[in-house]
Amino acid sequence: MATKYLFFTGGVVSSVGKGVTAAASGLLLKERGFKVAVQKLDPYINVDPGTMSPYQHGEVYVLDDGAETDLDLGHYERFIDIRLSRVSNFTTGQVYAEIISKERRGDYLGGTIQVIPHITNEIKRRIGLVEKETGAEIVILEVGGTVGDIESQPFLEALRQLRNEVGRENCLFIHVTWLPTIGATGEIKTKPTQHSVAALRSIGISPNVIIARADQEIDQSLCDKIALFCDVERNAVIPMKTASVLYEVPLMLEKLGVGELMLEKLGLKATRKPDMRPWKKLVEDVKKEKPSVNVALVGKYVELQDAYMSVREALKHAALANGVEVCIRWVHSADLEKDKGWDVIQNADAVLVPGGFGSRGVEGKIMAARYARENKVPYLGLCLGMQVMCIEFARNVLDLEDANSSEFDRATEHPVIDLMLDQRSITDMGGTMRLGLYPCLLLPGTKAGAAYGVPRVDERHRHRFEFNNAYRERFKEHGMMFSGLSPDNRLVEIVELRDHPYMVASQFHPEFLSRPMKPHPLFVGLVRAAKERAGK
Ligand code: GLN
């Protein structure tokens with residue numbers, strides 16, 4: 001069978017949930033027995049999101065092979081429950097970097113290099129890699145940004161060409177748009193959708209399906225109007241009301257007939273009936289009245305919650321597993337340094353310190369770790385959250401007053417967190433950290449060991465600094481346990497406190513591997529401890 005392509009484009013505004021829609025569509029296809037792969041094309045010029053500010057770009061999602069990718073890849077992995085790789089995400093920056101380095105090597109023999117065909121060919125080559133690497137029957141391809149953006153033009157042109165190369169019958173263009181409402185009259189408007197389809201058609205692409213999202217109920221007459229003005233079949237205009245629960249999106253799409261519509265348009269026959277019962281149960285559980293626990297999330301990008309997307313989702317998964325609701329209380333770590341925000345910590349049933357870079361707000365995180373240790377509040381530290389837990393312990397339990405990470409104080413007498421030798425000579429910022437999957441052996445009889453219930457796990461990393469082994473013995477003598485270590489015993493991967501209900505932290509990022517149906521053990525442990533503390 002020829003590989004089939006589903007192209008998702010976005011219209012009108014960004015953040016309409018194109019990534020979630022594409023991910024949920026992938027689930028519907030997987031459920032029908034197809035091998036699905038995913039690729040997200042990001043039209044910005046950055047080489048990867050690794051060096052972009054979380055304020056602008058949200059979380060950087062890390063894959064098994066260490067690729068630093070767009071947070072939408074997290075949606076894909078969580079919804080479809082697949083493991084993606086480097087070929088699943090590329091940017092304009094990567095495309096141009098490749099072409100320019102070839103030009104410098106003289107590969108073009110003096111020829112003029114142009115967007116068409118050189119850039120578009122490189123885009124098509126990278127799209128082709130997905131099928132080659134995964135052997136997928138259906139490739140879901142999402143174009144980042146909104147149709148009409150100047151950056152996305154070469155991508156759309158490449159898709160237009162690809163459609164002719166692989167055959168129209170093997171491609172489906174799905175355009176996800178937004179229907180705004182006029183406040184005073186409550187009237188839903190289709191004009192912006194019409195304009196965005198016109199922009200798409202001016203590049204030579206007519207969408208086959210339009211998924212129109214709105215906050216209100218969208219009635220059939222509006223769908224008919226969109227079908228008429230946008231030259232799309234009537235049954236191919238899908239009215240998508242904003243879902244109250246993220247994981248309801250696949251159920252809504254299924255109910256709207258999107259699963260069957262995709263197959264029909266691609267000329268495919270399902271090899272099995274989709275079983276959406278687990279998702280139905282999941283959504284029912286989410287909607288059920290449940291006792292709630294408060295988790296204080298102490299970060300520095302808390303103004304943009306997308307910066308902690310996977311952490312938030314992992315907490316939700318763990319809450320479901322514990323039959324509770326998690327209320328995340330966002331605390332700006334720099335506030336704690338100014339004596340603000342402490343009421344949130346004091347009222348929390350658990351404290352979570354996620355990853356981060358740079359010294360701003362670090363002292364506040366160290367204070368939060370101290371509070372959790374001294375008051376026996378359940379604590380989960382992720383990456384930097386582990387490092388601050390160790391710094392705090394060194395300062396206040398071992399009395400090493402100026403203990404620090406050499407990231408924040410190069411001259412500290414006690415660099416309990418330090419650069420590994422092989423990281424010291426690196427000066428480039430992009431892609432130079434310890435990235436991706438590394439093995440971790442668990443110490444039996446520890447909380448982490450019990451939570452996982454297996455002797456060895458593989459977890460995803462993204463950091464430069466490590467626990468300094470010169471301090472291991474002293475930490476141990478005072479009640480810190482190294483419950484996860486690299487197989488060669490050189491790297492500390494998980495630490496936990498002996499005399500504490502649950503103070504556990506990992507050098508890796510467990511949040512990237514949590515799935516709605518497979519909550520991550522370290523998060524489940526945190527929420528369980530929080531629930532016990534709250535007496536619920
Ligand atoms: N800044 C720390 C390091 O580079 C922690 C990184 C993180 O939390 N992802 O080691």
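The values are calculated or read from the model by the stated rules, or taken from the named source; none is laboratory data. Fair warning: this is a prediction, and the values are worked out from it, not measured in the lab. Virtual Cβ from ideal backbone geometry, glycine too; neighbours counted across all protein chains shown.
Structure notes:
- In summary, strands (runs of 3 or more DSSP E) completely within the stretch 456-519 and bearing 2 or more residues that are more than 16 Å from the ligand (Cβ to nearest atom) and farther than 19 Å from L400 by Cα occur at 456-463, 480-485.
- Filtering the stretch 363-406 to residues that are within 11 Å of the ligand (Cβ to nearest atom) and closer than 14 Å to H463 by Cβ leaves G381, L382, C383, L384, G385, M386, Q387, V388, S405, S406.
- Among residues of the stretch 431-442 that are on the phi > 0 side of the Ramachandran plot, those with a Cβ under 9 angstrom from a residue that is of a type in the set (D, E, K, R) and within 14 Å of the ligand (Cβ to nearest atom), sequence gap 6+ or separate chain, pair up as G431/E68; G436/R460; G436/R462.
- Residues located in the stretch 45-83, provided they are part of a loop (DSSP other than H, G, I, E, B), buried (at least 24 other Cβ atoms within 10 Å of the Cβ) and modelled with pLDDT of 95 or more: none
- Residue in the stretch 20-31 that is in contact (Cβ under 8 Å) with a residue 60 or more places away in the chain, among the β-branched types (V, I, T) and more than 23 Å from H463 (Cα to Cα) present: yes
- Test: residue in the stretch 403-410 that is within 27 Å of the chain's Cα centre (by Cα), assigned to a loop (DSSP other than H, G, I, E, B) and surrounded by 24 or more Cβ atoms within 10 Å (Cβ to Cβ): no
- The condition of being in contact with a Pro (Cβ under 8 Å, 6 or more places away or on another chain), modelled with pLDDT of 95 or more and surrounded by 13 or more Cβ atoms within 10 Å (Cβ to Cβ) holds for only one of A212, A227, that being A212.
- Per the listing G167, G135, G144, the residue uniquely touching a residue at least 60 places away in the same chain (Cβ under 8 Å) and in contact with an Asp or Glu (Cβ under 6 Å, 6 or more places away or on another chain) is G144.
- Any hit, the stretch 433-444, residues being at pLDDT below 95, within 28 Å of K518 (Cβ to Cβ), within 16 Å of the ligand (Cβ to nearest atom) and aliphatic (A, V, I, L, M): yes
The rows are residues; the columns are (1) part of a loop (DSSP other than H, G, I, E, B); (2) among the charged types (D, E, K, R).
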| residue | (1), (2) |
| --- | --- |
| E131 | no, yes |
| I174 | no, no |
| T185 | yes, no |
| I205 | yes, no |
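- Checking D219 against (1) at pLDDT 95 or above; (2) in contact with a strand residue (DSSP E or B) (Cβ under 9 Å, 6 or more places away or on another chain), the condition it does not meet: (1)
- The residue list D409, D343, D339, D418 contains one member that is on the phi < 0 side of the Ramachandran plot and away from the ligand (no atom under 16 Å from the Cβ), which is D343.
- Of everything listed in (1) buried (at least 17 other Cβ atoms within 10 Å of the Cβ); (2) more than 25 Å from the chain's Cα centre (by Cα), the single unmet condition for D107 is (1).
- Taking the listed residues E248, E284, the one that is part of a helix (DSSP H, G or I), without any contact (Cβ under 8 Å) to a residue 12 or more places away in the chain and among the charged types (D, E, K, R) is E284, with no other qualifying.
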